[in-house]
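Report on the following structure.
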Amino acid sequence: MASSVAVQTEEGGAAAEALGACLSSGTGGASPRPSRRRRRRLHLLSPSGGEEEEEEGEGEAGPLPAQYPSHLGALSGREKVALYCDDILKGCKAEDSNEAISKYLLEKLKMKEKWLGVWKTNPELFFVNSEEISIPYVGVLVEVMCCQPPQDPSANFKVSVSVAEPFSSNIANIPRQLVDEVLEEMDHCVPLLEVYPVEGQDRVVVDIAKALDTVRFFYDFLWRDWDDDENNETYAALIEERIKIWCDMQNGIIPAPLAHRFRKNLEKYKSMHLELIHYQSNIKEEPTAEEAVECWKKYYELIMLCGLLKVWEDLRLRAHGPLTPRILRRRKGRRDYGETVTYIVAKTTPVEMDKELYTDSYHAVEENLNFALDDCYSGDSVLIFPGEYKAANLSMLTEDITIKGVGRPEEIMIVSNPSHENFVVSRAQSIKFMNLTLIQQGTVDGILVVESGHTVLENCILKCEGTGVCVLAGASLTVANSEITGAQGAGVELYPGSSATLEGNKIHHCSNFTTSDGSRGSFGGINIKVLPAPKLRMKNNQIYSNNGHAVTLIKPSDQLSATVEGIVECAAGGDGEDSVSKLMQELSLEINKNVLEETAKDIGLVN
């Protein structure tokens, strides 16, 4: 449904306003808009609608026709890599990427002189206070008449346009005269990437729509202004890794909160980049001391964001962990003289508490779980009575302690804080969780990450939102009589060189993301990354209603496999079932008396 606005005439000489040229156009600069002596701009209607007055002879704009949908979602990661690296960039250097994109666009555009599209532009062109407006853009149906390739390949493509009939917009009562005035000020030339072809045209226009979609994605997500120093091979690898990051976000491999944070930082970087350019362009003479300081301040903020984004692009650094490194707590060990403390955490003081107190140890009563964890030394215990709790210190567990719920697991709920990067992260040599429910909300890593040492879960319920339980290299996990559910990825992920024992558990309704990549859809209850070989013992577990396999063995790449004796034959084996059998023998995989049901396959092999 089209929005409604009211018209107001803005008197006086308006100063020249600089609009940030969208980074998706690849310019990296700002495009000044001419000043005007008299310009009408729009206000949103008041709740009473008292300002709504149509000018005589001006009717409402019709609704916009449908635009061609994006075609990129139907492409797999490999197909996207082939499109950008092989078909468009063709091994060019980063500094030549704009020229390659221009050439790609021109080949599509020269096939058609005129076509219809929706021009989507910044509301700032039409609204007095655009930051107060809830609509993301002002759209107008236009006819594209010709393309003006820029002399500099890094500059904007422009197209000549005129308002198409019937007059159509997403703003129902936008005046036709105002649209004509804005276009006249722009010499009827608008950025090509702001125009979206509408459906119902011939096949050539369909190809143009796909090309524009492809280029927008390149500048929105793949292009960085710091890439110019990269050579051919390095640049192609960078583009491929960025495509992998995007696919992992779409497929849920990177949890949704983490993906949102990455996009937010990327958009912030683009905005700050344009803000700096705009600020510098407004300094007409030698900058004052205040202006110089402000420029340096904006520059260093931009550099910090740049470094943050570069961390994301190193797959090894983003495998587990947030955008910025966590502060790791130093291990305290045991108290002097071997003294141990039992901490009681409760919202109130229940009668049942006396039954849990032991006469041979000192007991400290806390209302705050975070304080209790902060005071713990190795050998201590934390007893938690029914209620709902939060504790940031669960993300920095280093001491060998027992955290036990007193009562039924459903009654003792520990909920993550969405503002924190991690929920439960253990680096303790030996730590035990008993009779608890962990509820993940908004944190970016696994519900429980075992970074090192040995972690035990007994009679616990894990309600995941992002990834499930992750056991990193060299760490070990024991889970008994517990329930793991709701993970976007696998319920349990075993990294190379880790080990796990699972007995009497329920792992269900995991791997809850949709994907166009068939191999990703195979993930299910348990993922095992096999180089070097993890160890897994499973007995009396129920693994059901997961997307994909019950247990997934993730093979290394052929190149990596060739360096490790004993895995080559498995990774390159022609028969899938034989490969699984050989890998299970190599992995010390013990699977006894488990119920694997309602899955695509009991045990699957994935590259």
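The values are calculated or read from the model by the stated rules, or taken from the named source; none is laboratory data. No experiment lies behind these values; they were computed from the predicted model shown. Positions of Cβ are backbone-derived with ideal geometry, glycine not excepted, and every protein chain shown enters the neighbour counts. The protein model used for the area step is the full one, side chains on, heavy atoms only, and it has no ligands, DNA or RNA in it. Shrake-Rupley method; radii C 1.70, N 1.55, O 1.52, S 1.80 Å.
Taking only region 83-106 into account, find how many residues are farther than 15 Å from N232 by Cα and free of Cβ contacts under 8 Å to residues at least 40 places away in the same chain. Please lay out each step first, then the result.
Filtering region 83-106 down to residues farther than 15 Å from N232 by Cα leaves 83, 101-106.
Those left that are additionally free of Cβ contacts under 8 Å to residues at least 40 places away in the same chain: 103.
The total comes to 1.
Give me a count of the residues in region 173-209 that are assigned to a helix (DSSP H, G or I), open to solvent by 20 Å² or more (accessible area, probe 1.4 Å) and of a type outside the set (D, E, K, R).
Within region 173-209, the first condition is being assigned to a helix (DSSP H, G or I), and the residues that meet it are 176-185, 192-194, 203-209.
Next cut, open to solvent by 20 Å² or more (accessible area, probe 1.4 Å) only: 176-177, 180-181, 184-185, 193-194, 203-204, 206-207.
Then keep just the ones that are of a type outside the set (D, E, K, R); that gives 177, 193, 204, 206.
Summing the residues that are assigned to a helix (DSSP H, G or I), open to solvent by 20 Å² or more (accessible area, probe 1.4 Å) and of a type outside the set (D, E, K, R) in region 173-209 gives 4.
In this structure, is N232 exposed (fewer than 15 other Cβ atoms within 10 Å of the Cβ) and more than 23 Å from P65 (Cα to Cα)? If you could, list the steps in order and put the result at the bottom.
Values: exposed (fewer than 15 other Cβ atoms within 10 Å of the Cβ): yes; more than 23 Å from P65 (Cα to Cα): yes.
It is true that N232 is exposed (fewer than 15 other Cβ atoms within 10 Å of the Cβ) and more than 23 Å from P65 (Cα to Cα).
Pull up region 222-236, narrow it to residues that are more than 22 Å from the chain's Cα centre (by Cα) and among the acidic types (D, E), then point me to the one that is nearest to L83 (Cα to Cα).
E233
In region 477-507, which residue that is out of contact with any Lys or Arg (no Cβ under 7 Å at 6 or more places or on another chain) and surrounded by fewer than 21 Cβ atoms within 10 Å (Cβ to Cβ) is modelled with the lowest pLDDT?
Ranking the qualifying residues of region 477-507, first place goes to G497.
Name the helices (runs of 4 or more DSSP H) wholly within region 311-413 that hold at least 2 residues that are open to solvent by less than 40 Å² (accessible area, probe 1.4 Å) and at pLDDT 90 or above? Walk me through it before giving the result.
Details: elements: 315-318, 353-356, 369-375.
By residue number, 369-375.
How many residues, within region 123-144, are open to solvent by 20 Å² or more (accessible area, probe 1.4 Å) and modelled with pLDDT of 85 or more?
Keep residues of region 123-144 that are open to solvent by 20 Å² or more (accessible area, probe 1.4 Å), which gives 124, 128-137, 143.
If we keep only those that are modelled with pLDDT of 85 or more as well, we get 137, 143.
Of the residues in that region, 2 qualify.
From H260, H278, H273, grab the single residue that is over 30 Å from M145 (Cβ atoms) and in contact with a strand residue (DSSP E or B) (Cβ under 7 Å, 6 or more places away or on another chain).
Working: H260 fails: in contact with a strand residue (DSSP E or B) (Cβ under 7 Å, 6 or more places away or on another chain); H273 fails: in contact with a strand residue (DSSP E or B) (Cβ under 7 Å, 6 or more places away or on another chain).
On inspection, the qualifying residue turns out to be H278.
Can you name the number of the only condition in (1) more than 25 Å from the chain's Cα centre (by Cα); (2) open to solvent by 50 Å² or more (accessible area, probe 1.4 Å); (3) within 16 Å of A211 (Cα to Cα) that K93 fails?
(3)
Check L109 against each of (1) farther than 25 Å from V161 by Cα; (2) open to solvent by less than 60 Å² (accessible area, probe 1.4 Å); (3) modelled with pLDDT under 90 and name the one condition it does not meet.
(1)
Can you tell me how many residues within region 437-459 are out of contact with any Leu (no Cβ under 7 Å at 6 or more places or on another chain) and of a type in the set (D, E, K, R)?
Result for region 437-459: 2.
Can you find a residue in region 237-251 that is among the polar types (S, T, N, Q) and within 22 Å of the chain's Cα centre (by Cα)?
If we filter region 237-251 for residues that are among the polar types (S, T, N, Q), which is where we start, we get 250-251.
Subset that is within 22 Å of the chain's Cα centre (by Cα): 250-251.
Looking for residues that are among the polar types (S, T, N, Q) and within 22 Å of the chain's Cα centre (by Cα), one finds at least one in region 237-251, hence yes.
With the requirement that a residue be in contact with a strand residue (DSSP E or B) (Cβ under 8 Å, 6 or more places away or on another chain) and more than 15 Å from S426 (Cβ to Cβ), what does region 469-492 give you?
Restricting attention to region 469-492, the residues satisfying the condition of being in contact with a strand residue (DSSP E or B) (Cβ under 8 Å, 6 or more places away or on another chain) are 469-472, 475-486, 489-492.
Selection gives A480, N481, S482, E483, I484, T485, G486, G489, A490, G491.
Under the condition of being open to solvent by less than 60 Å² (accessible area, probe 1.4 Å), over 20 Å from the mean Cα position of the chain (by Cα) and in contact (Cβ under 8 Å) with a residue 60 or more places away in the chain, which residue from region 262-277 is nearest to T443 (Cα to Cα)?
So the residue we want is H273.
Filter region 435-476 down to residues that are open to solvent by 10 Å² or more (accessible area, probe 1.4 Å), within 17 Å of M396 (Cα to Cα) and assigned to a loop (DSSP other than H, G, I, E, B), then give me how many there are.
Qualifying residue count, region 435-476: 5.
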